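Report on one structure; see the data block that follows.
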Amino acid sequence: MTGDVFSQIPEDLLREVVKNSGRSRGHRGGKKPYPSNRDVEHAVLEVTGGVINRDLMDYLYDEALRLLSEKGFDPRHVTERRFWRIVTLMIKKGWLRLV
């Protein structure tokens with residue numbers, strides 16, 4: 001019975017549906033995705049290597065935003081307040097070490 005339903009759908013419509021089904025549903029129209037807290041955490045760990053010192057803190061925010069942008073995220077949504085809250089939680093959880 002399902003074969004009858006699909007045989008009634010025009011071929012060009014089926015091709016269009018198959019072509020568009022592979023697209024990402026996370027964002028529309030070429031917009032960059034919003035970085036989650038997990039994405040920010042991964043960026044911080046990648047920039048710091050798990051260790052933060054006083055010199056690194058001066059440019060950590062800018063470097064993490066640059067890395068997120070390179071990975072295809074929209075860094076406008078990562079405010080300094082949000083960023084430092086995430087970094088502070090990472091230190092409390094023991095994911096980052098202060099030197």
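Read-outs throughout are calculated quantities, based only on the coordinates presented, and are distinct from any laboratory measurement. Nothing here was measured: the structure is a model prediction, and the numbers come from that model. Here Cβ is always computed from backbone atoms with ideal geometry, including for glycine, and neighbour counts include all displayed protein chains.
A crude spin-label estimate for the pair Asn37 and Leu89, with each label 7 Å from Cα along the Cβ direction, gives 0.1 nm.
Extension gain for the segment Glu80 to Asp62, taken as residue separation times 0.36 nm less the Cα-Cα distance, is 5.5 nm to one decimal. Of all lysines in the structure, the ones whose alpha carbon falls short of 22 Å from that of Lys71, not counting any fewer than 8 places away in one chain, are Lys31, Lys32. Counting Cα-Cα pairs of the range 36-99 in 5 Å increments starting at 0 gives whole-percent bin shares of 4, 19, 35, 27, 12, 3, 0.
For Lys93, a cut-off of 18 angstrom between C-alpha atoms picks up these aspartates and glutamates, skipping any fewer than 8 places away in its own chain: Asp39, Glu41, Glu46.
When each of Met90, Met57 is scored by the number of other beta-carbon atoms lying within 10 Å, the sequence from fewest to most is Met57, Met90.
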